[in-house]
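**Student:** Structure in C-alpha cells, see below.
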Amino acid sequence: MLELMLFLNDENSARNAFAHGLSHFLVDFESRGKEARQQGYDTEIAPATLDDLKAVASVAGGATWCRIDRPGAKTALEIDNAIHAGADGIFLPMVQSAGEVEDFLRQVDGRCATGILIETQSGFDSAR
C-alpha cells in the first residue's frame, strides 16, 4: 500500500489536504548542516517549530510525523519534544552508523513509530 506524506507546517494546510484525501503529514525540524549539504540545489529549507507540529498534529484523523535533525547531542531532547507535541512517528535523517540507529530506537523506547533515513554512504555501508 502506498501512502503519500505531505511536507507542511501549518494546521490550515493540513486540514485542507485532509479534506482532499491526504492523511499523512511530515513536519520538518531538520536544519543542522542542511544548508551546506543542499547548496546549489533547488530545495526548501524552512525548519518548523514545536507549535507548528502541535498544530498539524491537532488535525483529527491525520497521522503526523516529524523529521528531527541528524544524530547529535540534542537528539534525545528533539525526540521528547516531538512526542510531547503530538508526533505519531519520527524520522531520523542522515544516519551514518548502526549505533546511531540503536541509540535513536532506545531513546524513542516504543513511544511512537520510527523511520530511518539512510542518506549517506556510511549509513548505506553499515545497513545490514
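Quick note: the coordinates plus some simple rules give every number you see, no bench work behind them. As the structure is a computational prediction, the values presented were derived from the model and not from experiment. Quick reminder, even Gly has a Cβ in these numbers, built from the backbone with ideal geometry, and neighbours come from all protein chains shown.
**Student:** What is the gain in length, in nm to one decimal, between Gln121 and Leu22 on full extension, counting 0.36 nm per residue of separation less the C-alpha to C-alpha distance? Don't skip to the end; give the middle numbers.
**Tutor:** Working: separation 99, 0.36 × 99 = 35.64 nm, distance 3.24 nm.
So the extension gain works out to 32.4 nm.
**Student:** Now a separate question. Only helical DSSP H runs with n ≥ 4 go in: add -39500 (n - 2.57) per run for the chain, normalise by residue count and round the 222 nm mean residue ellipticity to 500 deg cm²/dmol. Can you show the working numbers first?
**Tutor:** On the way: 6 runs with 48 residues, N = 128.
Counting only the DSSP helices, I get -10000 deg cm²/dmol.
**Student:** For the range 1-27 and the range 75-99, what is the separation of their C-alpha centers, rounded to whole Å?
**Tutor:** When both Cα centres are located, 20 Å separates them.
**Student:** For the chain, set up a GNM with springs between Cα atoms under 10 Å and report which of Ile116, Ile79, Ile90 has the largest fluctuation.
**Tutor:** Ile116
**Student:** Still on this structure: About the Cα centre of the range 62-128, how large is the charge dipole given +1 on each Lys and Arg Cβ and -1 on each Asp and Glu Cβ? Please answer in debye to the nearest 20. If you can, show how the numbers build up before the last one.
**Tutor:** Numbers: 6 positive and 10 negative charges, 12 e Å.
So the magnitude is around 60 debye.
**Student:** How much length is gained on full extension from Ala63 to Glu3, taking 0.36 nm per residue of separation minus their Cα-Cα distance?
**Tutor:** Numbers: separation 60, 0.36 × 60 = 21.60 nm, distance 1.08 nm.
Taking 0.36 nm per residue and subtracting the Cα distance, the gain is 20.5 nm.
**Student:** Using the Karplus curve 6.51 cos²θ - 1.76 cosθ + 1.60 with θ = phi - 60°, work out ³J(HN,Hα) for each residue of the range 121-128 in order, rounded to whole Hz, and write x for Gly and Pro.
**Tutor:** 4, 5, x, 5, 5, 8, 7, 10
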